[in-house]
Amino acid sequence: MTTLSAVRYLIEVDAERCTGCGLCAAFCPVEVFALDITALGAAPQGAPPTIVAAEACWGCETCAGQCPTGALRVIAGGAGAPAGAAGGAPAGASDHGAMQQDKAAPLPADRVALFADWATTLKDVLQLRWEPVAISLIPVGEALPDVPVPDERLRYCQSLMAARRGVSLMMPAARHACPDGTSILGLTEMPPKLASGELYLLFRKLHSIEAARRMVHERPCLPPRSIEATVVTPLAQAACEPHVVAVFVQPEQAMWLLMSSSYYTGHRHDLHASGYNAQCVETTLLPYQSGKINVSFGCYGCRAASDIGDDLMFVGIPTALMPEVVRGLVELGSKAIPQSRAKIYLPPMR
Ligand code: SF4
Ligand code: SF4
């Protein structure tokens, strides 16, 4: 049985530097602050925001990232630590997101060996720099694999980036830091400011509230509280059956993956990319729900929250497609890939 406490955050506002602009309150997706935001963008008001619901803080750092004067810090207090505003009384000790669940049996050795073989083929044939990542969305009520839970909250995209470097992470809602991705993946309810599209306008990611609403409406989303935890591991060290395999690639490598999945059928791909919610929607949820390979160029969030290179893009492959993709890749790797990389059609240079 696993028992998990929520992570608490201390929100520290430097009253000397704070101009009372209200941006932190406006951008916080879960109403941690109380501040009159009708003067948003106007001249400095002088009064720092009041922290009224520190226990609701996700540690997403959006407030700190938007503060124009660097007056605000979000300090992780660790699992179970008391939450509160600097200099104020500790907030309520709500334990939202706590997890109590049985442990799953280890993955059978033949499955571990198969996933390790897939990882080796992907890396060798494509010459990948990063580990392919096994993604599992564990439904509520299912036993949980034996995978480390981080002490602090992370964004889902950050967990994927860590897994590509060889780190295994299991994150229930209480360890997710991105209100957007967490609700899209079915671990929580969607905060109203995100569901309405309002926050995307503030970020100036979309032109109008109508466009923001449309983006939210067209975006897939799992039912709230249907998923207990996300699990990401290097594919070669999978601890449970993956639903999707994520691969971190340059465009040429993405091309070969698309060709591998068409190798036996000749089908073209109907890809879904938008630049919004790249890792949660485009790399994970679309392949998970559609059973089709998908490509993502990344999004503002994952690029701002990780060290991912500008030259990298992302491919999500449903596990059911992996045997075909791996076989197709081996075939292409026997002739087409080395010939293309040798630039055999390049005219002679003078
Ligand atoms: S870290 Fe995120 S959830 Fe916490 S107060 Fe700042 S914006 Fe709100
Ligand atoms: S965003 Fe920064 S300056 Fe503006 S009210 Fe919040 S803490 Fe103060």
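The values are calculated or read from the model by the stated rules, or taken from the named source; none is laboratory data. Given the structure is predicted, the values throughout are model-derived calculations rather than measurements. Here Cβ is always computed from backbone atoms with ideal geometry, including for glycine, and neighbour counts include all displayed protein chains. In case anyone asks, the SASA skips ligands and DNA or RNA and just uses the protein heavy atoms, side chains included. Shrake-Rupley method; radii C 1.70, N 1.55, O 1.52, S 1.80 Å.
Surface composition of the chain: carbon plus sulfur atoms hold 54% of the accessible area, using a 1.4 angstrom probe and ignoring ligands, DNA and RNA. Whole-Hz Karplus values for the stretch 304-313 come out as 6, 9, 8, 9, 4, x, 5, 8, 9, 10 Hz, taken residue by residue from phi with 6.51 cos²θ - 1.76 cosθ + 1.60 and θ = phi - 60°; glycine and proline positions read x. The convex hull around the C-alpha trace of the chain, projected and averaged over every direction, spans 21.1 square nanometres. In this structure E218 has an accessible area near 140 Å², from a 1.4 Å probe over the protein heavy atoms. Out of all DSSP beta bridges with both ends in the chain, state the antiparallel percent to the nearest 5. Once the DSSP bridges in the chain are tallied, antiparallel ones form about 90 percent. Quick one: how many lysine pairs in the chain have C-alpha atoms under 22 angstrom apart, if they're 8 or more apart or on different chains? Qualifying lysine pairs in the chain: 5.
Here is the short version for the chain: C18, C21, C28, C57, C60, C67, C178, C221, C240, C280, C299 have no other Cys C-beta closer than 4.7 Å.
Under the simplified labelling scheme, the D102-S340 pair shows an inter-label distance of 4.7 nm, with each label point 7 Å from Cα along Cα→Cβ.
In this structure the amide hydrogen of H272, modeled in the peptide plane, comes within under 5 Å of the amide hydrogens of V295, none closer than 5 places in sequence on its chain.
Karplus-derived 3J(HN,Hα) values for the stretch 246-256, using 6.51 cos²θ - 1.76 cosθ + 1.60 with θ = phi - 60°, are 9, 10, 9, 9, 8, x, 5, 5, 4, 4, 5 Hz; glycine and proline are entered as x. Here's how it looks for V244: its modeled amide H is under 5 Å from those of I135, T319, which are all 5 or more places away or on a different chain. In this structure S334 has an accessible area near 90 Å², from a 1.4 Å probe over the protein heavy atoms. Amide H to amide H, with H built 1.01 Å from N, F33 comes under 5 Å of V52, counting only residues 5 or more places away or on other chains. In the context of the full set of protein chains, the stretch 168-297 has a per residue accessible area of 41 Å² (1.4 Å probe). Accessible area per residue was computed with a 1.4 Å probe on protein heavy atoms; R327 scores about 130 Å². When all protein chains stay in place and ligands, DNA and RNA are ignored, the 1.4 Å accessible-area order of H243, H217, largest first, is H217, H243. In sequence order, the stretch 194-205 has phi-based couplings of 7, 5, 7, x, 3, 5, 5, 5, 4, 6, 6, 8 Hz under the Karplus curve 6.51 cos²θ - 1.76 cosθ + 1.60, θ = phi - 60°, and Gly or Pro positions carry x. What FRET efficiency comes out for R213 versus H267 if R0 is 25 angstrom and r is the Cβ-Cβ distance? Round to the nearest 0.05. For R0 = 25 Å, the calculated efficiency reads 0.15.
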